[in-house]
Amino acid sequence: MKTPRQKMAEQDPQERIANFDEVPYGYTPEQAQAEAARCLQCQKAPCRAGCPVEIDIPAFILAIREGDFAAAREKLLETNSLPAVCGRVCPQEDQCEKVCVLAKKGDPVAIGTLERFAADWKDGEEADPEAGSAPEKAKVAVIGAGPAGLTAAADLARMGYRVTIFEALHRPGGVLVYGIPEFRLPKAIVFEEVEKVKKMGVELELNQVVGATLSVEELFDSGFEAVFVGTGAGLPRFMGIPGENLNGVYSANEYLTRVNLMKAFRFPEYDTPVIRGEKVCVIGGGNVAMDSARTALRLGAEEVTIVYRRSRAEAPARVEEVHHAEQEGVIFKFLTLPLKYLDDGNGWIRGMECQGMELGEPDDSGRRRPVPVPGTEFTIDCDLAVVAIGNDPNPLLPRALPELELGWKGTIVADPETGAASVPGVFAGGDIATGAATVIEAMGAGKKAARGIDRYLSARKS
Ligand code: FAD
Ligand code: SF4
Ligand code: SF4
């Protein structure tokens, strides 16, 4: 009989909404070996083409099957500097697992969960990550310590460059620390992987807002020969409807940053408060909306409703995230558009006026366009609203370097293969170049840019 795909055990939904601990527990060694045994070790291994950080998937899975978990971990680290992060938040169902041969007739190998298992494996013999052979090549500056910047920095360090990351916040990790909640991605795991990047010789300067406290010109003047910009898409979008300035209307960015990065869930131990609504509405249908809704539950909300203008089929959130939100009791109101936030007379939100929608013809994104249905207006009571309808590229650095060619909504135009931007020596990748996307796409862009920078600097030397 064929072995079914192994499932991770999870915290019970009723227990987990009262804590911020991680929801899935990961595989046991027995489960990992059983899952690894499902892999056919295909010679052409189509799964590899689905991985932007070029993991040798059959090789690390074979090591798990043979019980050599440390070897599996080392195999991952050869090309991926953040495997424990990817094993948790990479949308593997749309990447490597989508093209696994087993997906043609059934469940693909659980590549992401196996990656998580191997990356988490601790046996007391972990070797320090491979540092660049005596870092003696040129100095390269990386702006932003998110997944794009960390990957570019690690790969450049491996090639022997002297790399310094300049990060605006007081913690490295980008969205991995300020956006994605603890219960999906424990921050200790991110910091552990960042430490490994530092052990490769990468220097990290925190609290440095390039474009404000330091300019790109100053970086070049101080001896950096190339600059990688990985500043992300951290500018929250609003709908521009009445009442957005009321107390109790947050952008998801502010809400999640207060809770994750500033640890508001441990207030007053951590001195950053957050408004804890009893009836919370979250607007949007992506991962950010699911994270905000599930965070509100854990902060004690009695009722959390996700309001999304399209239907469930168009919601961009990962299926797993919608499933977890439903299990935890989040209410979904699909085909619903907020029209305005209602004032309680004292400047605080008391509810939202909404309208019903129906699906029309497909729009530019290929998804069916939501169209308002006249006469379907109704009110939802709420004392907190979190707007999670997307983010735009961070404008600070492009504003400070006006020679940079910009694209749609202020993205930095960069060659998708090399990361080269319009200013010589400046490279860009991740959300700042593509608009808000995924962790693994940002990492893939960081990897390509590292090679692009190496080619650029090698050509200058010859
Ligand atoms: P970021 O992660 O945004 O990092 C950019 C870094 O640059 C930040 O640390 C920022 O402080 C710093 N910076 C900005 N400006 C400056 C400056 N001027 N000077 C110095 N530093 C600067 N993707 C997934 O694949 N799976 C998920 O489950 C998922 N969930 C998400 C949940 C939330 C709440 C959010 C917001 C996003 C989620 N994403 C998810 C998307 C994913 O996190 C991003 O696509 C990814 O982090 C982009 O990486 P990046 O390195 O380009 O940018
Ligand atoms: Fe798959 Fe993502 Fe892991 Fe690559 S990093 S093997 S795409 S889960
Ligand atoms: Fe294994 Fe699937 Fe990759 Fe084949 S395609 S090597 S079965 S993970």
Putting +1 on Lys and Arg Cβ atoms and -1 on Asp and Glu Cβ atoms, find which of 426, 443, 459 reaches farthest to the positive end of the dipole of segment 370-462.
459
At R0 = 41 Å the Cβ-Cβ FRET efficiency linking residue 48 and residue 344, nearest 0.05, sits at 0.15
In whole Hz and in residue order, list the ³J(HN,Hα) couplings for segment 316-329 that follow from phi through the Karplus curve 6.51 cos²θ - 1.76 cosθ + 1.60, θ = phi - 60°; x for Gly and Pro.
x, 5, 4, 3, 4, 6, 5, 4, 5, 5, 5, 4, 7, x
Size of electric dipole in segment 1-88: Cβ of Lys, Arg +1 and of Asp, Glu -1, about Cα centre, debye, nearest 20:
460 debye
DSSP bridge pairs, the chain: antiparallel proportion in percent, nearest 5
40 percent
Highest average packing first - 91-100, 379-388, Cβ atoms within 10 Å
379-388, 91-100
When 348, 408 are arranged by how many other beta-carbons sit within 10 Å of their Cβ, fewest first, they go 408, 348
Between rounded, prolate and oblate, where does the chain land on the alpha carbon gyration tensor, with a ≥ b ≥ c its root eigenvalues, rounded for a/c under 1.5, else prolate if a/b exceeds b/c?
oblate
How would you rank 282, 190, 259, going from fewest to most other Cβ atoms within 10 Å of each one's own Cβ?
190, 259, 282
Nearest-20 debye value, segment 308-462 charge dipole, Cβ charges on Lys, Arg, Asp, Glu
740 debye
Return, for the Cα atoms of segment 46-115, the radius of gyration and Dmax in Å, separated by a comma.
11.2, 32
Determine the shape class of segment 63-188: with a ≥ b ≥ c the square roots of the Cα gyration tensor eigenvalues, call it rounded for a/c under 1.5, and otherwise prolate if a/b is greater than b/c, oblate otherwise.
prolate
Give the relative contact order (percent, whole number) for the chain; include only Cα pairs under 8 Å separated by 6+ residues.
16 percent
Going by the alpha-carbon gyration tensor, a ≥ b ≥ c the square roots of its eigenvalues, is segment 392-440 rounded (a/c under 1.5) or, if a/c is not under 1.5, prolate (a/b greater than b/c) versus oblate?
oblate
Compute the Kirkwood hydrodynamic radius of segment 348-462, taking the inverse of the mean of 1/r over all pairs of distinct Cα atoms, and give it in Å to one decimal.
17.7 Å
Based on the Cβ-Cβ distance of residue 461 and residue 276, what FRET efficiency does E = 1/(1 + (r/R0)^6) give at R0 = 51 Å, to the nearest 0.05?
0.35
From the phi angles alone, apply the Karplus equation (6.51, -1.76, 1.60; θ = phi - 60°) to segment 70-78 and give each ³J(HN,Hα) in whole Hz, x where the residue is Gly or Pro.
5, 5, 4, 4, 5, 4, 4, 5, 4
Ordered by residue, what ³J(HN,Hα) values in Hz, to whole numbers, does segment 430-445 give under the Karplus form 6.51 cos²θ - 1.76 cosθ + 1.60, where θ = phi - 60° and Gly and Pro are x?
x, 4, 5, 9, 9, x, 3, 9, 10, 4, 6, 5, 4, 5, x, 5
What fraction of the Cα pairs in segment 290-339, stated in percent, has a spacing above 17 angstrom?
31 percent
Report the extension gain between residue 203 and residue 98 in nm, rounded to one decimal, defined as 0.36 nm multiplied by the number of residues separating them, less their alpha carbon distance.
34.2 nm
Expressed in nanometres to one decimal, the distance between label points 7 Å along Cα→Cβ at residue 18 and residue 302 is 1.8 nm
May I ask for log10 I(q)/I(0) of segment 143-234 at q = 0.11, 0.12, 0.21 Å⁻¹, from a Debye sum over the Cα atoms as equal point scatterers with solvent left out?
-0.30, -0.35, -1.03
Flagged as over-length at 21 Å C-alpha distance, from 2/105; 44/447; 279/333; 409/447, the pairs are 44/447; 409/447
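What is the Cα convex hull volume of segment 109-266 when expressed per residue in Å³? Mind showing how you got there, number by number?
Working: hull volume 25.7 nm³, N = 158.
Dividing the Cα hull volume of segment 109-266 by its residue count gives 162 Å³.
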When Lys and Arg each count +1 and Asp and Glu each count -1, what net charge do the other residues less than 13 Å away from residue 359, Cβ to Cβ, add up to?
+2
Given unit charges at Cβ for Lys, Arg (+) and Asp, Glu (-), the dipole magnitude of the chain about its Cα centre in debye, nearest 20, is 920 debye
Starting from the Cα of residue 198, draw a straight line to each of the aspartates and glutamates and keep only those under 14 Å, dropping any in the same chain fewer than 8 residues away.
128, 130, 155, 167
For residue 358, what residues show an amide H to amide H distance below 5 Å, using hydrogens built from the backbone and excluding near sequence neighbours?
371, 373
For segment 192-312 the mean separation of alpha carbon contacts under 8 Å (6+ apart) over residue count, i.e. relative contact order in percent, is 15 percent
Loop-only check: which trypsin sites (Lys or Arg not before Pro) in segment 23-67 are DSSP coil with at most 15 other Cβ within 10 angstrom?
44
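All of the numbers you see were taken from the coordinates with simple rules; none came from a lab. Not measured: the values here are computed from a predicted model. Neighbour counts run over all protein chains shown; Cβ positions are idealised from the backbone, glycine included.
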